[in-house]
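Q: Would you mind keeping the following structure in view while I ask a few things?
The values are calculated or read from the model by the stated rules, or taken from the named source; none is laboratory data. Since the structure is predicted, the reported quantities are computational estimates derived from the model, not experimental observations. Using ideal geometry, Cβ is built from the backbone for each residue, glycine included, and neighbour counts are taken over all protein chains shown. Keep in mind that these areas ignore ligands, DNA and RNA; they rest on the heavy atoms of the full protein, side chains included. Shrake-Rupley method; radii C 1.70, N 1.55, O 1.52, S 1.80 Å.
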Amino acid sequence: MRRISSDMPHTDVQYRLRRQEEGLSNIQSKISSNTRIRELRDDPLAAAHATRYDSYLTRLERYIKNTDFARDHYDFQDSYLREFNDILQRIRVLAVTGANGINGPDETKYIAMEINELLKELTSIANKSGPDAKQLFAGDKAFTEPFRLIEGTIEGGGESMVVGVEYRGAGANRRTEISDGTYSTLDIGGGEAFWAEKMNIISRFDATNYRVIQESAFFIDGVEIKLNAGDTLHAIVAKINESPAPVKAYVDIETHGLALLGTNAHLIRVEDRQDSRVLQDLGIIRPTNDPYAPNWHENTLVSGGSAFDMVIRLRDSLYRHDQEFAGSQGLGGIDLALSNIAARFTLEGSRRERVDFTWHRLLEEKDNVSAALGREQSLNYYDAATELGWMDFAHRAALQTAARVIPPTLLDFLR
């Protein structure tokens, strides 16, 4: 005969009751957390989909923050560019007034004094910082004041005045990712935004017989130009012209040296790679440890000035009472600066429009992904409440049945 322990019914009932309590706890946790997937085994396929949706949603939220930052950044840039443009327009009006033949030396001097003050304000605008305390027009040298005033004396000026404005920033290399693998350039460097003339750089070094000794490289406006051993000057010119750098290279017919001409008004930035000295050998730049390089070689012919140079040239002509120069070259230089500012407005506006479209698309995509995530893991409250009610009813019935089937005896209290 098989022996049956008197504890067996108790153990079995307790086991079944604990299972029911566990089920009640699970459904209550799902209701409180509004998710039907607490563990992978609840629905493995839906859990996998939900994980991918949640990861993608996190990336979308990061991109939305990036586009928000870019839009604010462009707004600050736009406001200062517009202010710069307004001051240039005022200077142009003063140039027309100063070039009028009816003005005497004193009148033109007063106009020049006003232009000198406006020049200082132009420099102040170019050195503005954004809300993140980074310089707006310094390129990737975001904590370097991009423009430095050089003071001196000029003919007709009775005080120390601004005789030059030096750019100490870099190119606009800061970018932000606005979608998977897609970036938007944040900055417009001061060497692009506040320039007026196309730069022309001509080396006086006769490079007719020049050969690259070993594999080398140099950078033009951030674009790397790779060279092979044995490359001649004409090969270097061809490689520069095939690159996306905004310059046109040629061999100067007089000096037989390398020459660079900007395809638009901007400061051409050139530097040798650390393991190379090709541009030094070609007489374009001189060796330097200056972080604000390039430093042009003393024999290099460099032309093409900034908007500040145009304003200084106009102001100086008015101090000299040279109305003919002010009305021709002086006024023409201001027009060049205004034309370049207009081109930069177009560029900045295009970037802003692209980011706006991306921002709206990301918001719509976020809504779609959130909806898909909800379909995978959200709980149906009606079904959950019904299930909870049935389980609670079954649990109560089980407790009542257990109490009647296995009543406590004296022996239970004597254990």
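Q: Could you tell me which of the residues G230, G191, G283 is in contact with a Phe, Trp or Tyr (Cβ under 6 Å, 6 or more places away or on another chain) and either hydroxyl-bearing (S, T, Y) or farther than 23 Å from T144 by Cβ (or both)?
A: On inspection, the qualifying residue turns out to be G283.
Q: Another question, if that's okay. For region 167-204, give me each residue that is open to solvent by 50 Å² or more (accessible area, probe 1.4 Å) and without any contact (Cβ under 8 Å) to a residue 60 or more places away in the chain.
A: Within region 167-204, N173, R175, G181, Y183 qualify.
Q: Confirm whether F219 is crowded, with 21+ Cβ neighbours inside 10 Å and of a type outside the set (S, T, Y).
A: no
Q: When region 136-152 is examined, which residues are found to be under 12 Å from the mean Cα position of the chain (by Cα) and open to solvent by 20 Å² or more (accessible area, probe 1.4 Å)?
A: Listed by number, the list holds a single entry, D140.
Q: Follow-up question, since we're still on this one. Starting from residues that are part of a loop (DSSP other than H, G, I, E, B) and of a type in the set (S, T, Y), keep the ones in region 205-216 and report whichever is surrounded by the fewest Cβ atoms within 10 Å (Cβ to Cβ).
A: Among those that are part of a loop (DSSP other than H, G, I, E, B) and of a type in the set (S, T, Y), it is T208.
Q: Can you tell me which of I285, I240 is under 33 Å from the mean Cα position of the chain (by Cα) and more than 30 Å from S124 (Cα to Cα)?
A: I240
Q: To continue, here is another question. Residues of region 97-129 being hydrophobic (A, V, I, L, M, F, W, C) and exposed (fewer than 14 other Cβ atoms within 10 Å of the Cβ), which ones?
A: If the condition is that a residue be hydrophobic (A, V, I, L, M, F, W, C) and exposed (fewer than 14 other Cβ atoms within 10 Å of the Cβ), then I102 is the only one that fits.
Q: Counting just the residues of region 257-271 that are open to solvent by 10 Å² or more (accessible area, probe 1.4 Å) and touching a Leu at 6+ places or on another chain (Cβ under 8 Å), which one comes out farthest from G333 (Cα to Cα)?
A: So, considering only residues that are open to solvent by 10 Å² or more (accessible area, probe 1.4 Å) and touching a Leu at 6+ places or on another chain (Cβ under 8 Å), the one farthest from G333 (Cα to Cα) is E271.
Q: Could you name every one of the strands (runs of 3 or more DSSP E) located completely within region 125-200 that has at least 2 residues being farther than 21 Å from I341 by Cα and touching a strand residue (DSSP E or B) at 6+ places or on another chain (Cβ under 8 Å)?
A: In region 125-200, the matching strands (runs of 3 or more DSSP E) lie at 147-152, 161-167, 175-179.
Q: All but one of (1) among the hydrophobic types (A, V, I, L, M, F, W, C); (2) in a strand (DSSP E or B); (3) without any contact (Cβ under 8 Å) to a residue 40 or more places away in the chain hold for A259; which doesn't?
A: It is condition (3) that A259 fails.
Q: Sticking with this structure for a sec: Looking at region 119-135 only, could you name the residues that are under 13 Å from the mean Cα position of the chain (by Cα) and in contact (Cβ under 8 Å) with a residue 24 or more places away in the chain?
A: Passing the criteria: G130, Q135.
Q: In this structure, is L314 open to solvent by less than 10 Å² (accessible area, probe 1.4 Å), over 27 Å from the mean Cα position of the chain (by Cα), hydrophobic (A, V, I, L, M, F, W, C) and under 30 Å from T208 (Cα atoms)?
A: no
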